[in-house]
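> Sharing a structure, written as structure tokens. Questions coming.
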Amino acid sequence: LPPGYPFMRVVSLDPQPVVGSQEGEKYGIGHGFEGGRWWRDDDGTYTMIPSEAINDIPQGHPRWDLHMKVGIWRSQDGMNWTRESTLVNSSSDCTGKDPCGAIFSPFTAYDNKTERYYLFYTCYATPGCSQANGQQMRMQSSVRGPQGIAGPYINRTVALNIEGVGGDPQWWEGTGNCSSIPNGADRVKCAGHGLWGLHPYLQLENGTWFAVYGSAWHVGLAAADQGLGGEWRRVPLGHWGAISHDIDGPWKTDNVPASEQNGPSIENPILTKSINGKFWLMVWDAMERYWPERKNHVGFSFSKDGIHNWTAAQYVAITNSSVDPCGHTRTPYGLVPRPDLGHGMYTMLFTGDADYENICQAVIQNINE
């Protein structure tokens, strides 16, 4: 990495999940958690909005990732969590008629102009009980002000998809043109899976919002000029287009997005501003099921403005699945700045994939901050 850029290391790992089967099954969450985000509010309260795998599909369709809910959880210390309510519930409709048969990757953002929270999440149709045609949905809280984070959420609309909402899809999006993905199951998934994970994270002084989104293991950029409830558009190639990297090379922001040289890599990226305000920190699921050498790792990359010149990936091992109750490291929920713990300190929740997909916590340090 360039001199002065962040460099992340694990300081500690909580020995037990902060939310495990005992807590999840109390709310009917039969398989665990997969994707979402957490943060700490100004008053010190922690909020987590995960996607929850109910796992109640009738026998004969034993997939855990069909009936999904989005819940809101609260904690005073980041360790002891209480589920408050359900924000969204999927239908698990195996006819494929419902575009939201399964739901994942919920993200919220607050719009000061409308004084509303907006909830963004990925909807999959589930024909034959299999996910297809991911679209980025948006709902608006019916309650004004910061308390509206808990909903209820209304007015579901499509914010971005591969069928023209948000402009023409880029070449790497899940439209069937998946030349960067090797032959086999991953190419099939690329062609039919659509988009995932629209995450608004940055608002410029002129009011324009930026968000990352993904497809086929690449990450792209979208923008909304009229607020979170306005029309979203893909940022054209040449500005960012896609950010994906060669394993040993720099991230690309030029006219032609780079393809992965060694297989798929990036899922569920979440961005956080560094404590010192100098960098944007991106963390993502390093896709251990495709890259054995990344088992139990998450990926990091860094940018000064959150849009351009992302660094090459840094992969950091979180768990040792042979001994840790959390199991395999999977999806991170983002970084929470913790200057009270020391210089450059952050806490990170992540999915620990054991027999139950737990939520676990690690303390991460940027040693250059």
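The values are calculated or read from the model by the stated rules, or taken from the named source; none is laboratory data. All figures in this text were calculated on a predicted structure; none of them were measured in a lab. Reconstructed Cβ throughout: ideal geometry from the backbone, glycine too, with neighbour counts over all protein chains shown. The accessibility values were calculated without ligands, DNA or RNA, using every heavy atom of the protein model including side chains. Shrake-Rupley method; radii C 1.70, N 1.55, O 1.52, S 1.80 Å.
> State which residue is surrounded by the fewest Cβ atoms within 10 Å (Cβ to Cβ) when the search covers only region 90-113 and only residues that are within 16 Å of residue 198 (Cβ to Cβ) and hydroxyl-bearing (Ser, Thr, Tyr).
Across region 90-113, the extreme among qualifying residues is 110.
Residue by residue, here is whether (1) loosely packed, with under 14 Cβ neighbours inside 10 Å; (2) over 28 Å from residue 156 (Cβ atoms) holds:
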| residue | (1), (2) |
| --- | --- |
| 9 | yes, yes |
| 21 | no, yes |
| 41 | yes, no |
| 46 | no, no |
| 51 | no, no |
| 57 | no, no |
| 76 | yes, yes |
| 81 | no, no |
| 88 | no, no |
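> I've got another one for you. How many residues does region 328-355 hold that are of a type outside the set (A, V, I, L, M, F, W, C), under 20 Å from residue 81 (Cβ atoms) and open to solvent by less than 10 Å² (accessible area, probe 1.4 Å)?
9
> Okay, moving on. Do we find a residue being closer than 13 Å to residue 296 by Cα, open to solvent by less than 30 Å² (accessible area, probe 1.4 Å), β-branched (Val, Ile, Thr) and in a strand (DSSP E or B) anywhere in region 356-366?
Looking for residues that are closer than 13 Å to residue 296 by Cα, open to solvent by less than 30 Å² (accessible area, probe 1.4 Å), β-branched (Val, Ile, Thr) and in a strand (DSSP E or B), one finds none in region 356-366, hence no.
> When residues of region 281-306 are filtered for being modelled with pLDDT under 85 and open to solvent by less than 10 Å² (accessible area, probe 1.4 Å), how many remain?
Residues meeting the conditions: 4.
> Among the residues of region 216-230, which ones are in a strand (DSSP E or B) and either open to solvent by 10 Å² or more (accessible area, probe 1.4 Å) or within 14 Å of residue 167 (Cβ to Cβ) (or both)?
Listed by number, the residues that qualify are 220, 221, 222, 223, 224.
> Can you run down the residue pairs with Cβ atoms below 7 Å, 6 or more apart or on separate chains, where the first is in region 20-34 and under 13 Å from residue 68 (Cα atoms) and the partner is assigned to a strand (DSSP E or B) and open to solvent by 30 Å² or more (accessible area, probe 1.4 Å)?
27/83
> Can you tell me which residue within region 170-206, out of those that are of a type in the set (A, V, I, L, M) and either over 22 Å from residue 126 (Cβ atoms) or modelled with pLDDT under 75 (or both), is most open to solvent (accessible area, probe 1.4 Å)?
Among residues in region 170-206 that are of a type in the set (A, V, I, L, M) and either over 22 Å from residue 126 (Cβ atoms) or modelled with pLDDT under 75 (or both), the one most open to solvent (accessible area, probe 1.4 Å) is 188.
> Restricting attention to region 322-369, report how many residues are basic (Lys, Arg) and either out of contact with any Phe, Trp or Tyr (no Cβ under 8 Å at 6 or more places or on another chain) or closer than 21 Å to residue 293 by Cβ (or both).
Number of matching residues: 1.
> Can you tell me which residue in region 316-355 is modelled with the lowest pLDDT, limited to those that are small (Gly, Ala, Ser) and in a strand (DSSP E or B)? Walk me through it before giving the result.
Filtering region 316-355 down to residues small (Gly, Ala, Ser) leaves 317, 321-322, 327, 334, 342, 344, 352, 354.
Filter again for in a strand (DSSP E or B), leaving 317, 334, 352.
Working: 317: 92, 334: 96, 352: 89.
Ranking the candidates gives 352 first.
> In region 136-169, what count of residues is obtained for those that are at pLDDT below 95, open to solvent by 20 Å² or more (accessible area, probe 1.4 Å) and within 21 Å of the chain's Cα centre (by Cα)?
The number of residues fulfilling the criteria is 3.
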